[in-house]
């Protein structure tokens with residue numbers, strides 16, 4: 001009996017030695033052929049973990065600074081069900097922009113605080129403002145922090161993407177070009193990122209009106225992304241969906257219908273619920289309400305599939 | 001003469017690590033008069049340290065009564081009159097002996113220049129003049145014991161309670177300690193101490209209190225005990241029987257005999273007989289009795 | 001005998017030990033490295049990081065002063081008992097309450113000195129970075145020092161009931177989890193019916209309210225200003241009563257404890 005643990009350990013070691021790949025491999029890394037693998041060394045990896053942690057912390061702090069120190073949290077399911085809503089903000093548009101329709105301050109307002117004087121003290125000693133008086137700091141003030149994040153961790157994608165959004169916030173072409181340069185620096189640091197390349201493409205479409213250039217970057221993003229298999233909530237996954245949308249729209253505007261259909265159907269194969277791609281591919285009746293469009297698109301896809309008329313490059 | 005220490009039916013109990021209660025002291029009764037030097041003896045685990053802790057108020061007796069100069073043991077009034085040396089203490093390792101004495105002196109109610117002078121004097125007395133500014137952690141065990149002795153003497157206490165007083169001291173240190181304690185005694189201080197060094201006890205004490213298994217065994221005046229333990233041996237050549245005078249009579253050579261007597265009277269009778277029967281007296285030796293033998297015998301008897 | 005003299009003597013012992021153990025120096029050096037590293041960013045051309053630097057400064061101050069407070073307070077009593085340094089102390093005509101209070105004041109003094117050392121370094125770092133030292137920063141320091149008093153009292157009390165390691169762990173959880181516990185209780189209390197709410201309110205009141213003493217978010221961010229004076233007075237009262245209750249709890253365990 002006493003040899004059982006030893007046998008188990010030896011058995012495990014032997015199994016580990018002989019079984020090379022145990023279980024499915026999720027998200028196999030896509031490495032471009034010309035990529036210089038500077039980040040693959042073990043020591044770099046450890047340092048990288050540290051840098052990523054600091055950058056993630058900075059990311060959270062930056063969000064806090066933009067709210068001038070006022071901490072907020074998402075409502076719980078119970079709070080949402082109980083009909084609690086974020087106090088009416090003076091600037092409703094701003095609230096929507098900052099995705100604050102279902103957030104509350106972590107320090108509760110007086111009417112939802114049962115702690116009496118302790119609650120009053122906390123509201124007086126912490127950075128607290130109720131949602132009526134809630135304001136945001138100018139994101140430009142946070143730009144140095146984005147630079148710091150990307151300086152600490154050059155592969156910190158949100159730092160590049162959000163930083164570029166802040167740089168390009170001024171609606172001039174010069175600002176847009178600076179944002180593209182910033183993103184290109186990000187691309188050099190992290191050539192795997194679909195988000196960064198997609199953002200460059202988006203700026204070329206929305207700000208610089210250069211569709212051929214945009215197509216170059218979006219095709220690059222599409223090419224990187226289609227080999228990967230993300231979990232659904234991954235930011236990169238969302239970026240790839242965006243890539244398909246922008247690319248399909250670009251081809252439509254460039255009147256390259258065949259490419260438009262190919263991209264849209266490839267995108268729909270991957271994101272069957274995407275209304276934009278369904279729009280592009282099937283052109284739903286113009287007067288159809290948006291809530292019915294998704295269902296309509298789904299039906300259309302299955303209909304097309306059953307008649308084997310879908311031009312699906314993935315199959 | 002007033003009573004310095006009074007213990008009546010003292011009981012002390014501890015909760016052991018296994019959760020069971022252990023009776024360390026069981027109905028111990030003894031007293032120490034002011035000015036006396038009393039040794040508190042017993043084998044390991046006899047309850048000596050527990051008794052001393054009860055006298056200091058470190059543990060609350062589970063029964064009985066304990067007084068120091070008429071005050072309840074452990075009270076502020078009683079502790080103000082005591083100097084205490086614990087069995088093992090690691091004086092604050094990051095303080096110097098001078099700072100250690102200053103700290104304890106301040107708690108004793110001393111302060112200012114008087115405290116500074118007393119601390120330095122005491123450290124000099126215990127032989128730590130050159131080490132008074134070194135950190136305690138760099139001192140040897142013996143030197144730390146000297147720090148302990150010095151702190152116990154702070155404030156010129158009327159009663160010194162010393163637990164294993166000679167622990168860690170070399171022969172020179174012990175001799176110096178004897179001088180210090182003798183001086184204190186002559187100044188009227190009462191000394192009550194436990195020690196395993198019976199020779200020290202013999203040299204210092206007026207009286208001993210012996211305990212075993214938490215119970216009182218006996219108390220003896222050292223002078224009486226010494227008298228009682230003294231032995232005389234006689235060696236002679238000739239056919240003279242002393243068998244009726246002592247149990248310790250034996251032949252040790254050809255026609256040579258040796259007899260051991262515990263009283264002087266018996267010795268004189270024996271010498272008369274040897275002389276009368278024309279035997280040749282070879283040797284007469286007076287031996288001091290061994291306190292160790294007495295200790296072992298008394299403990300065995302009590303057990 | 002003069003009680004203050006007794007407390008001063010015992011407290012001075014704690015302080016001397018804390019300084020000579022080099023705890024404070026290690027903390028000061030670590031804090032200095034972090035704060036100066038943050039300040040160094042200015043030389044790399046990253047400007048406009050005032051809020052970040054201030055935030056970092058109050059975070060470093062908060063974390064390290066909490067560590068000093070807990071590590072100093074948690075070992076005072078258990079170390080005395082383990083090293084038997086308690087015997088010669090309690091052989092003197094002092095009460096066990098005197099000893100507790102002396103130790104407590106010593107721990108507070110050591111913690112405050114550590115905090116002020118770090119605060120001085122922070123001030124220098126902020127000056128290098130041309131960050132204005134506002135009144136709210138002074139108030140932040142005052143409140144933080146009051147919070148550290150509560151923390152020392154809680155840790156000392158816990159150490160009377162458990163091992164120093166357990167006391168330190170518990171104190172770290174209570175100190176760094178204070179906001180989290182409070183938010184959890186608030187959310188649970190608000191979700192629960194009105195009948196249950198007093199239970200959550202009572203639990204909330206019993207737990208030490210360290211987070212109330214942390215004005216860091218106001219000090220670091222822009223334009224908040226200081227809290228009204230009634231808040232400082234209320235927190236001062238809370239500090240006295242809560243610390244008093246804690247020390248009394250420690251005493252109730254320690255006063256009859258066999259040593």
> Which of the helices (runs of 4 or more DSSP H) contained wholly in the stretch C:165-258 include at least 3 residues that are in contact (Cβ under 8 Å) with a residue 60 or more places away in the chain and either within 30 Å of residue B:51 (Cα to Cα) or within 12 Å of chain A (Cβ to nearest Cβ) (or both)?
Replying inline: C:216-220, C:229-254
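Please work out if residue C:212 is within 30 Å of residue C:49 (Cβ to Cβ) and modelled with pLDDT of 90 or more. Write out each step before concluding.
Numbers: within 30 Å of residue C:49 (Cβ to Cβ): yes; modelled with pLDDT of 90 or more: yes.
Here the answer is yes, as residue C:212 does meet what is asked.
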> Residues that are within 14 Å of chain C (Cβ to nearest Cβ) and under 23 Å from residue C:217 (Cβ atoms): which helices (runs of 4 or more DSSP H) entirely in the stretch A:105-185 hold 3 or more of them?
Replying inline: A:117-125, A:143-152
> Does residue B:217 satisfy the criteria of being touching a strand residue (DSSP E or B) at 6+ places or on another chain (Cβ under 8 Å) and surrounded by 12 or more Cβ atoms within 10 Å (Cβ to Cβ)?
Replying inline: yes
> Pick from B:80, B:89: which is modelled with pLDDT under 90 and facing chain C (nearest Cβ under 10 Å)?
Replying inline: B:89
>> Within the stretch A:211-315, considering only helices (runs of 4 or more DSSP H) that don't extend past its boundaries, which have at least 2 residues that are at pLDDT 80 or above and under 21 Å from residue A:184 (Cα atoms)?
In response: A:211-225, A:235-253
> Filtering the stretch B:115-130 down to residues that are more than 26 Å from residue B:78 (Cβ to Cβ) and more than 28 Å from the chain's Cα centre (by Cα), which residue is farthest from the other protein chains (Cβ to nearest Cβ)?
Replying inline: B:130
> Which condition breaks for residue B:112 when tested against (1) within 12 Å of chain C (Cβ to nearest Cβ); (2) buried (at least 23 other Cβ atoms within 10 Å of the Cβ); (3) modelled with pLDDT under 90?
Replying inline: (2)
> Looking at the stretch B:31-142, what helices (runs of 4 or more DSSP H) fall wholly within it and have at least 1 residues that are touching a strand residue (DSSP E or B) at 6+ places or on another chain (Cβ under 8 Å)?
Replying inline: B:48-56, B:76-79
> Considering C:12, C:20, which residue is over 30 Å from residue A:150 (Cα atoms), within 9 Å of another protein chain (Cβ to nearest Cβ), modelled with pLDDT of 90 or more and out of contact with any helix residue (DSSP H, G or I) (no Cβ under 6 Å at 6 or more places or on another chain)?
Replying inline: C:12
> Of the residues that make up the stretch B:27-49, is at least one at pLDDT 90 or above, in contact with a helix residue (DSSP H, G or I) (Cβ under 7 Å, 6 or more places away or on another chain) and either at the interface with another protein chain (Cβ under 9 Å from one of its Cβ atoms) or farther than 29 Å from residue B:178 by Cα (or both)?
Replying inline: no
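Residues checked against (1) without any contact (Cβ under 8 Å) to a residue 60 or more places away in the chain; (2) in a helix (DSSP H, G or I); (3) surrounded by fewer than 24 Cβ atoms within 10 Å (Cβ to Cβ); (4) within 14 Å of chain A (Cβ to nearest Cβ):
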position	(1), (2), (3), (4)
C:123	yes, yes, yes, no
C:133	yes, no, yes, no
C:142	no, yes, yes, yes
C:146	no, yes, yes, yes
C:152	no, yes, no, no
C:155	no, yes, no, no
C:159	no, yes, no, no
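The values are calculated or read from the model by the stated rules, or taken from the named source; none is laboratory data. This is a predicted model, so every value here is computed, not measured. Don't worry about glycine lacking a Cβ; one is built from the backbone with ideal geometry, like all the others, and counts go over all protein chains shown.
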